[in-house]
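These notes are about the structure you will find just below.
The values are calculated or read from the model by the stated rules, or taken from the named source; none is laboratory data. Everything numeric in this text was worked out from a predicted model, so none of it was measured. Here the Cβ positions follow ideal geometry from the backbone for every residue, glycine too, while neighbour counts run over all protein chains shown. The accessibility values were calculated without ligands, DNA or RNA, using every heavy atom of the protein model including side chains. Shrake-Rupley method; radii C 1.70, N 1.55, O 1.52, S 1.80 Å.
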Amino acid sequence: MGRNTRKRRSSMANKAIAASAALALGGGGLIWANFYASAHESKNSSQNQTKAATAAAQVATISCPDVGQKLTNVPSGARSGVDRELANLDKQITEAYARLASTRQAQAGDSGFVQNAIVGPLKDKRTATIDRIRINIQRSGGQVQDLSQLAACTTQGAQTNAGEAGGGDQNGGQQDGGQQDGGQQDGGDQNGGEQEGGQDGGQQGGGQQGNGGQGGNGPAAADFVDITKVQQNAQLGVGANGLAANGNGGSRGTFTSVCGTNGNDNHNTDNVIVAPGVTNGAHHLHDYVGNQNNDAFASDQDLAAAETSCQNQGDKSSYFWPVLRVQDGSQDFDQNNDGGGKEGNVGKILQPAQAQLKFVGNKRGKVVGMPTALRIITGDAKAFVNGNANANVNWSCTGFENKVQLEDKYPICPQGSQVVRTTNFQSCWDGQNIDSANHRTHVAFVQANGSCANGFKAIPQLQVRLVYNVPAPKLQNGQVVNPYAVDSFPENLHKPITDHNDFINFFSQNTMNKMVNCINTGKKCK
């Protein structure tokens, strides 16, 4: 069995922390506890708080170019070294973000502090790491473009999204999901206690009565919308254009794999696809269903030999996604862990009430079987800072799924309705590779007419539908009470646009053949 960091679920409530113990202002809810501790003793505390609020509104997070997405041709001999260095880049950003969140007093007093003490040193670290990536590739005989321009990072306000992740026009007049309604974000009662970078799991979250969300770095009130007030939209979100066939020439069957809802609490903060061999490579917690041996150190042989939670024992595939948490005043088992509370992912983990894993066909023709160990990542965990080029997000509520799909908002569902996350994976394969250097270019979405471009082959499309019983958050005076959010890299502020999903194919050949036959002949199979 793989390493499972889920030891025992704790429902212990957070310690209540009085609002006067900390000051959280703007910037996606970044914590200002250190500033307040000194400012309340100062004769000019109100002026200092004003300066602090101004700075927070200007700088909420750090945005760095995604080096991994630029690496489309890495020799196989260099990939393990390159993946480790890419994981180092993620770690460096996480550490810089923690420093950004823990130095608000210094930032308020020095306009050059962020650049000189955080962004500048981060560039130096990234330059050295990017150079090691170049050396790794060249030593293996590969060619690499000049990546030095990707070393520099910028600061970003919570009011803007680097990629302008859209959907603003679908949300009943509310603005883009990156926008935070000026200074009325997250509430002044976000208590971080004596947090280190806003991320000390011991004193975060729930004690603030739900205001401020994930450990002080989101979500915010503007990340939510009452789904009953959203205009109906016909489009099912970014990238979700490969739906089941509906024409005579298509492959209209389905194959459903029943693998449970992670009732055995199989969690870790690794990602064996993008950061193999790196503990906490994801910096957030995943739910795992299906294959029970997936962690950073699992080889293909380990995965092939693993147990599975799927009813059909011919499906040892690994299905994993970031957990959903609710800020209801409680903490969970990882409140003091890397990838958990230490990195702003706090609150009670919600197990899905339903997890439907369905494979569908192609509306233009037949599908071919997926190769063993094929890896597919869909969506982008860094979409808030990367932009929406790779985003693939559909949020909705039961009873509204055929009317409203949201990309950049979390839905507030009416009584009796449940939150739904739906992900439609890429369904075109290059016919050769089970992975690619950037983990994307070996697969693609179908074109608008349903066909696969560039000689790619149509494969069964995985559709994951997750349903949750989520207590409805409330929006009060520009604040969100009892919010929920997906786990994320801390610098992405738990935006809904960052939702994503992962799949590694380990169907037996017989079961894959059955799936293809069912889909191509129009049957519904399990």
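At-a-glance table
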| item | result |
| --- | --- |
| Breaking point among (1) surrounded by fewer than 18 Cβ atoms within 10 Å (Cβ to Cβ); (2) in contact with a Pro (Cβ under 7 Å, 6 or more places away or on another chain), for ILE412 | (1) |
| Residue match in the stretch 262-269 (condition: open to solvent by less than 40 Å² (accessible area, probe 1.4 Å), modelled with pLDDT under 95, part of a loop (DSSP other than H, G, I, E, B) and over 29 Å from GLY387 (Cβ atoms)) | no |
| Criterion: open to solvent by less than 30 Å² (accessible area, probe 1.4 Å), closer than 27 Å to GLY77 by Cβ and touching a Leu at 6+ places or on another chain (Cβ under 8 Å) - qualifying residue of ASN424, ASN394, ASN438 | ASN438 |
| Any hit, the stretch 442-464, residues being under 20 Å from the mean Cα position of the chain (by Cα) and in a loop (DSSP other than H, G, I, E, B) | yes |
| Those strands (runs of 3 or more DSSP E) lying entirely in the stretch 282-367 with at least 2 residues open to solvent by 40 Å² or more (accessible area, probe 1.4 Å) | 354-360 |
| Of all residues making up the stretch 74-102, the number that are of a type outside the set (Phe, Trp, Tyr), under 26 Å from the mean Cα position of the chain (by Cα) and open to solvent by less than 40 Å² (accessible area, probe 1.4 Å) | 17 |
| Selected residue (criterion: nearest to the chain's Cα centre (by Cα)) from residues of the stretch 388-409 that are within 19 Å of ALA355 (Cβ to Cβ) and not in a loop (DSSP other than H, G, I, E, B) | TRP395 |
| Residues of the stretch 371-387 satisfying the condition of being outside any loop (DSSP other than H, G, I, E, B) and under 19 Å from PHE489 (Cα atoms) | ILE377, THR378, GLY379, ALA383, PHE384, VAL385, ASN386 |
| Of all residues in the stretch 137-148 being outside any loop (DSSP other than H, G, I, E, B) and touching a residue at least 60 places away in the same chain (Cβ under 8 Å), the one that is surrounded by the most Cβ atoms within 10 Å (Cβ to Cβ) | ILE137 |
| Count - residues of the stretch 411-433 that are touching a Lys or Arg at 6+ places or on another chain (Cβ under 6 Å) and more than 21 Å from VAL393 (Cβ to Cβ) | 2 |
| Long-range neighbours under 6 Å by Cβ, at least six apart or interchain, first residue of a type in the set (Gly, Ala, Ser) within the stretch 430-450, second in a loop (DSSP other than H, G, I, E, B) and buried (at least 18 other Cβ atoms within 10 Å of the Cβ) | SER436/HIS442; ALA437/LEU71; ALA437/VAL74; ALA444/GLN426; ALA444/PHE456; GLY450/LYS363 |
| Meets criteria (more than 24 Å from HIS283 (Cβ to Cβ) and not polar (S, T, N, Q)) for LYS316 | yes |
| Verdict on GLN107 being modelled with pLDDT under 95, out of contact with any Leu (no Cβ under 6 Å at 6 or more places or on another chain), of a type outside the set (Asp, Glu) and outside any helix (DSSP H, G or I) | no |
| Pairs with Cβ under 6 Å, 6+ apart, first in the stretch 345-370 and under 20 Å from THR256 (Cβ atoms), second buried (at least 17 other Cβ atoms within 10 Å of the Cβ) and of a type in the set (Asp, Glu) | none |
| Residue in the stretch 488-506 that is in a loop (DSSP other than H, G, I, E, B), touching a residue at least 12 places away in the same chain (Cβ under 8 Å), open to solvent by 20 Å² or more (accessible area, probe 1.4 Å) and out of contact with any Lys or Arg (no Cβ under 9 Å at 6 or more places or on another chain) present | no |
